[in-house]
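The values are calculated or read from the model by the stated rules, or taken from the named source; none is laboratory data. Since this is a predicted model, take the numbers as computed values, not measurements. As a convention, Cβ positions derive from the backbone with ideal geometry for all residues, glycine included, and neighbour counts pool all protein chains shown. Note: areas computed on protein heavy atoms with side chains; ligands, DNA, RNA excluded. Shrake-Rupley method; radii C 1.70, N 1.55, O 1.52, S 1.80 Å.
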Amino acid sequence: MKTKIVFSEKCLGYGTWHIEGPQRVKVASEILKEKGYEFVRPNPASEDDLLLVHDIEYLWNLKKGLVEDPDTPAYDNIYEYARLSAGGAILASQIGGFSLMRPPGHHAGKSGAALGASTRGFCYLNNIAIAVRKLGKKTLILDIDGHHGNGTQEIFQGDKKITLLSLHQTPNYPGTGFATEGNCINFPLPSNAGGKLFLDTLNKGLSLVNLSDFEAVAVSCGFDTHLGDLATLGLVEADYWKIGKRIALLSRPAFFVLEGGYSGEKLGIDIDRFLKGYEENLK
Ligand SMILES: [Zn+2]
């Protein structure tokens, strides 16, 4: 059984000049299609879904195009693009799928930039947080993007149903996540830490949580940890297979939401390796 890829070509419609541009997911989607993955289309998240996480004033401003920072432009209709990406995360949570949608989400806090970060880091709505709240289950969120999931931490800090485990490069944007805070377990890692240290650290983090407490695992799946990418931890294709395997061994229903990863070709191959590692080790 192959994990379904949640994707709509509508997400390619903005931001061609930006590093978080359409090409990354377009090329990745073509690679995954060639490899035989089944694709399903998401519907936009409803405003009620967004309100599970975000302040109404923030949503109004986003809708009017009034929210902009140097990393995160107020593109025409960005509210609709962001709503469809959030809908992708929701559908992934319902079918155990992988949402290959953009914009990403884990830096978006309740009302914008989170935990004192200077920008929203290419994010508009916190897709994974919206999906987790809507699912309503006790959830372990694994954030394996190379940047700290500061928006996700802000949203779930102190939430008894949720534990967030984030591994990330430091020093780097957003300049948060240096230490564990309650239910948000943080492991800053040096640039180009390498696959062994990453896996060892993931195991260490997972040893701190009681897996029987969780009904679901939600993965903020970023691939900018790849060697040479924006938040490199020096990972290569084979490491993503091992990370996927480790998640399969948790034996909990899991779903996956794309965050970073800025080379489309690497992204497509890394996602395939990750999902193969996951599927080949499911019990
Ligand atoms: Zn990132």
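Structural remarks
- The alpha carbon gyration tensor of segment 1-79 gives principal lengths a ≥ b ≥ c with a/c of 1.5 or higher and a/b no greater than b/c, which makes the shape oblate.
- Annotation for THR180 and ASN210: the two label points, set 7 Å from Cα along the Cα-Cβ direction, are 1.4 nm apart.
- Carbon/sulfur fraction of accessible area - segment 147-283, other protein chains in place, 1.4 Å, %: 54 percent
- Under 16 Å from the Cα of LYS283 - lysines, other chains or at least 8 residues apart: LYS2, LYS242, LYS245
- For segment 80-129, the ratio of Cα radius of gyration to the globular rule of thumb 2.2 N^0.38 Å stands at 1.13.
- Treating r as the C-beta distance of GLU68 and LEU249 and R0 as 30 Å, the FRET efficiency rounds to 0.10.
- Extents of segment 42-82, largest first, come to 27, 23, 16 Å (Cα atoms, principal axes, whole angstrom).
- Ratio of Rg to Rh over the chain (Cα coordinates, Kirkwood Rh, two decimals): 0.92
- Most simply put, the chain has about 10% antiparallel DSSP beta bridges, counting only bridges with both residues inside it.
- Charge tally in the Cβ shell below 10 Å around LEU84, where Lys, Arg are +1 and Asp, Glu are -1, LEU84 excluded: +3
- Annotation: extensible slack from SER191 through GLU80 equals 36.5 nm (criterion: 0.36 nm per residue apart, minus Cα-Cα distance).
- Across the chain, the relative contact order, built from alpha-carbon pairs under 8 Å that are at least six residues apart, equals 20 percent.
- Here LYS2 sits with roughly 80 square angstrom of accessible surface, probe radius 1.4 Å.
- Candidate aspartates and glutamates for bridging to LYS134, where Cα separation is under 18 Å - those fewer than 8 sequence places away on the same chain excluded: GLU47, ASP48, ASP49, ASP55, GLU154, ASP159, GLU215
- Debye intensity ratio I(q)/I(0), log10, segment 109-194, q values 0.15, 0.25 Å⁻¹ (C-alpha model): -0.50, -1.33
- Calculated P(r) tail over 24 Å for segment 134-278, as whole % of Cα pairs: 23 percent
- Sum of -39500 (n - 2.57) over DSSP H runs of 4+, divided by residues of the chain (222 nm, nearest 500): -11000 deg cm²/dmol
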